[in-house]
Amino acid sequence: MKRLMSIILVAACCTAVGWCQDVEDWVTRTLAQYPRARLLDIYKSCFQDYMGAEHLVNDLAAARAYLEQEYTTTAVEDLLPWYYEPCGINGNYVRVSLRAVFDGKIKREELLDAFVCSASDPERPSVEAWADRWHEIVAIIDKMDLNLPHQQEDRDFIEQVLDQGKYAISHSSDYREAYSPHYRIIRRDIFDRRFKSLLDASCGCCP
């Protein structure tokens, strides 16, 4: 019995260490790629990975109109060179940049359809479950002693959002100014099936 308990405890410790290392590695890589990112932007990537894009698709016509407006008012030269990147720590969802549309790799309507399909999951984690996960993540970030700009202010704002039973926020103004983020969130399996081979063949700079 003692031997069994020891095995269970070792397994639990290994799992905890692995989770911690995943968060630290991902945060370190994210800040290396996006040095202007704030805690708000780290949070956004993580909730996109965990919760997906459902909060963005309340009306198909509105979603189409917003994509059209974004496409016609975005300067392609302001976009980062990648066509896609995984969201968050686990990569359950993928950000597909509007650059893929501008460069003719996929059609705007194809991106919209994949986006809408990605938001139609019948079951989605609760905000409470997400809040628990975020608190695990931010506890690890705190131990990294990053001294991010506005870190406490951003943390307080995120807690206010979660306390209201909400979870979605926008990118920080610093991130938007530096990186001009224009993308749609696509569920990983849909992305792999519809877009991955096309975009991998087109761009050597993708993650």
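Values in this text are rule-based calculations from the coordinates and carry no lab data. Just so it is clear, the structure is predicted and the values come from calculations on it, not from any experiment. Cβ coordinates were reconstructed from backbone atoms using ideal geometry, including for glycine residues, and neighbour counts include every protein chain displayed.
Classify the stretch 2-202 from the C-alpha gyration tensor, please: rounded if a/c falls under 1.5, else prolate or oblate depending on whether a/b exceeds b/c. Walk me through the numbers before you get to the answer.
Working: a/c = 1.75, a/b = 1.54, b/c = 1.14.
Judged from the Cα gyration tensor, the stretch 2-202 comes out prolate (a/c at least 1.5, a/b above b/c).
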Exposure proxy ranking, count of Cβ atoms within 10 Å, fewest first, for T30, T72: T72, T30
Contact order normalised by residue count of the stretch 2-202, Cα under 8 Å, 6+ apart, percent: 37 percent
Length released on extending from S126 to H150, taking residue separation times 0.36 nm less the Cα-Cα span: 5.9 nm
